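A.B. asks: Provided herewith is a single structure, encoded as structure tokens, for subsequent inquiry.
Where a number appears in this text, it was derived from the coordinates with a stated rule and is not lab data. Since this is a predicted model, take the numbers as computed values, not measurements.
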Amino acid sequence: MSTALFAATRRRLVLWNIAVTGVIIVAFALAAYFVANQVLVGELDEQLAGRAKIVQPLLDNDLSDPDHDHDTDGDVSGVFLVLLRNDGTVLQDSLNQKLAGIPNMDAVHATLASGKPDMRTVDVGANGAVEVRLRTERITRGGVLVGVLQLGTSTEPYEHELHMLVLVLVVVGAGGLVLALAGGFFLASRALVPVRAAFHHQRDFVADASHELRTPLMLIRADVDVLGRELRARRASPSRVLVASETSSTGGLTLETPDAPVGIQASGQLDDQIELVDDALGEIDRMTRLLKELLLLARLDAGAVKTAPQPVALTEQLEGLVKQLHRHAEASSLTLNAHLEPNLWVMGNADHLQQLWLILLDNAIRYNQPGGSITLTGVSETHQVKVSIRDTGIGIAAADLPRLYERFYRADKAHSRPSPAPSESSVASPGENEAHGLPLTGSGAGLGLAIAQGIVQAQAGQISVQSTPGEGTTFTIRLPLRTQQQ
């Protein structure tokens, strides 16, 4: 159980590390692409502006004489130019072939309206197959507008550079994520070393403390139980009195019949004392169950409860539990139904599985509502057996579901209600379960589901829960199916 816990924690740390690294890489890549795009566009604009500065003085004859054969050398370095009159008539076009969209009249109108050079990127040619960067500016002589000059160049070489940059960023980013994955596993493992050590120390302490405290609790319970029997005997025989016996082998209390009555005389006082003794016995029993649960959790964490899987007749086991818990459910005004596929066999530990069903069924009874029902279903699936325990109880809020298997965590404490104490005839005898260190019912401290999860994981199974507040809860357990070869 602890191995799975630390493995899950390490996976989460690694995933967070990869996520943060991925965000940084993506942010860096976007910034690099944006800067590179701006730089390349700036180079195109500078190239067009420089070409326009060279060409402008050579255009006087072209504007005054359309038939003038002066070569403005416009199509140098991939830059083409288009010369237009004020009315939009094309006087000169250095393109070898006509491209749809050249000249761009929107740019011409924008330049004439603003009086400033217009820079834009447009798609020209058939279906916009060619992307060009255009510079459109006015031609003036003596402050008088005499024409419009439009220069352009294809962005394909620069787009190729951007595509190469994107390819490099993708390769580098993927390599960075791989390194982040490897580094994340290494760092997470190193970071969990002290946590793992602290967890193991805590587990060992809980196991040792639970084991050591069980003996004095048993002695205390024995003494209190003797005291309770003596008080009840005194109430049944008023002529007898309770006195201290120093010669008793246990050093406890005995009943004698002295010449003069001493000790507890009034019946009302005896009833009060008996009630206090019963309360003490109840608390001692609750503490004993809590210690057993803590010891079992410590053993689950340490992997000490793993045993060789054995065939378990699951249908027979569940049917027996349903018969045993039938009166317990009736005492809570509940209906217990079972729909079990015959001859279900699983591979696992029978005692641990019985404790698992007791925990889940006890919860279904404890947190159900009067007049409600509990449905136990068992069916076979591919390589698995699915067991579902559905109740019509108070349900579990969605916010509590992620913490449901945490130790000492109890969801919706305000709506929980203790289940009636089971009668001796309605449940398995203590010897059938406690002989294996498995408590019959939970202590109510919020450890039951943590134990259930640990048992399922130790059986190589899976446990899941679905719940709707006010409607009920369904626990689903999947266990390895026993095959014919097994």
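A.B. asks: I need two numbers for the stretch 112-184: Rg to one decimal and Dmax as a whole number, Cα atoms only, in Å.
C.D. replies: 21.5, 70
A.B. asks: What ³J(HN,Hα) values, in whole Hz, does the Karplus curve 6.51 cos²θ - 1.76 cosθ + 1.60 give for the stretch 321-337 when θ = phi - 60°, with x put for Gly and Pro?
C.D. replies: Along the stretch 321-337, the couplings run 5, 4, 5, 5, 8, 4, 5, 4, 5, 4, 5, 9, 6, 10, 10, 10, 10 Hz.
A.B. asks: Also, I was wondering about something else. Provide Rg over Rh for the stretch 1-154; use the alpha carbon set for both Rg and the Kirkwood Rh (inverse mean inverse pair distance).
C.D. replies: Ratio value, two decimals: 1.35.
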